[in-house]
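Student: First, the structure itself, so that you have it in front of you.
Here, each number is a calculation from the coordinates, and none is a lab measurement. Because the structure is predicted, anything quoted here is derived from the model rather than measured.
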């Protein structure tokens, strides 16, 4: 049962294999097994690749099964259509398009399996890329908000500097009238004289102005600090909204690119392995000597060719003979007097009928 299934996978004629030696049966069972297991690997490979895209097990398995059946059918077609020739170079030339197709199939099958085999290394590369992308993203977002933040901070700093300058001036006036009262500076007279009062009044006026400046500036500073808080919240929100996009940067294309950054030797070995597996049935068919199955198959094809050629030639001869007979028959009929008189009478009847019909129609028109 399994042997016949592998025969079917090889694209061979199972009826001829039943009549062939055991060595031929084993050879084609091996070729069919290679085709079958290549399709299994194609199914696993495509299912994993599609799972990285859709993140859905059932959908990945469904499309993976379709892809595996497609590869199975292609491989079976490739192997089954190779015919044994008398010379190796003729067989190789005949199989060259199929070898190229087998190489393409091997590359397509091997790539997703490489992604799975080197999954841990790819994850590390993707993590580094994500971290770098996060820093770049944060820098780009900061560039959008930094000028506005710096402008508002500068305005707050300017308002605070105005308060500090005014406060320093008021403190200097305070020291002036205190030292005037103590007699250590100014008029150097102890006591609260007219100069003291003048300086005290000036200080009190400036102190009142300072308080007004503080009140108005604190309101402005509070407003600008609220603007700063809003800007920083917007910056954090934009950074948070863009981070999931970076975290989701692990699709099929990203993983293939990450695989390309890893050392190429291990990937090359895996690719060569799949190329060897995929092209093995083709080369086995080419390199194997012409066996009993090939001779039976060639005999069957030759018999069919001979039969088709005979049928084609016979139909051509029948057609030629029938044409010759028709020419002779119609030549004899053309010289027959009875046929001539009969056809002449019918022509007369037809002309009379046409004349009568025309006369009737014209009479109806004229009234």
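Student: For a test of the definition: using alpha carbon positions, the gyration tensor, and the 1.5 limit on a/c, classify segment 65-184 as rounded, prolate or oblate.
Tutor: Prolate, because a/c is 1.5 or more and a/b exceeds b/c.
Student: On a C-alpha basis, how far is the centre of segment 227-287 from the centre of segment 301-367 in Å? Whole number, if you could?
Tutor: Measuring centre to centre over Cα atoms gives 77 Å.
Student: Using only the alpha carbons of segment 142-250, what is the convex hull's orientation-averaged projected area in square nanometres?
Tutor: Computing the convex hull of the Cα atoms and averaging its projections yields 9.2 nm².
Student: Let me ask something else. Defining a contact as two alpha carbons under 8 Å apart and six or more residues distant in sequence, what relative contact order in percent does the chain show?
Tutor: Worked out over the chain, it gives 22 percent.
Student: Which value in deg cm²/dmol, rounded to the nearest 500, describes the helix-derived mean residue ellipticity at 222 nm for the chain, given -39,500 (n - 2.57) per DSSP H run of n ≥ 4 and division by the residue count?
Tutor: -32000 deg cm²/dmol
Student: Please state the shape class of segment 308-366: rounded when a/c is under 1.5, otherwise prolate if a/b exceeds b/c and oblate if not, all from the C-alpha gyration tensor.
Tutor: Taking the square roots of the gyration eigenvalues as a ≥ b ≥ c, segment 308-366 is oblate.
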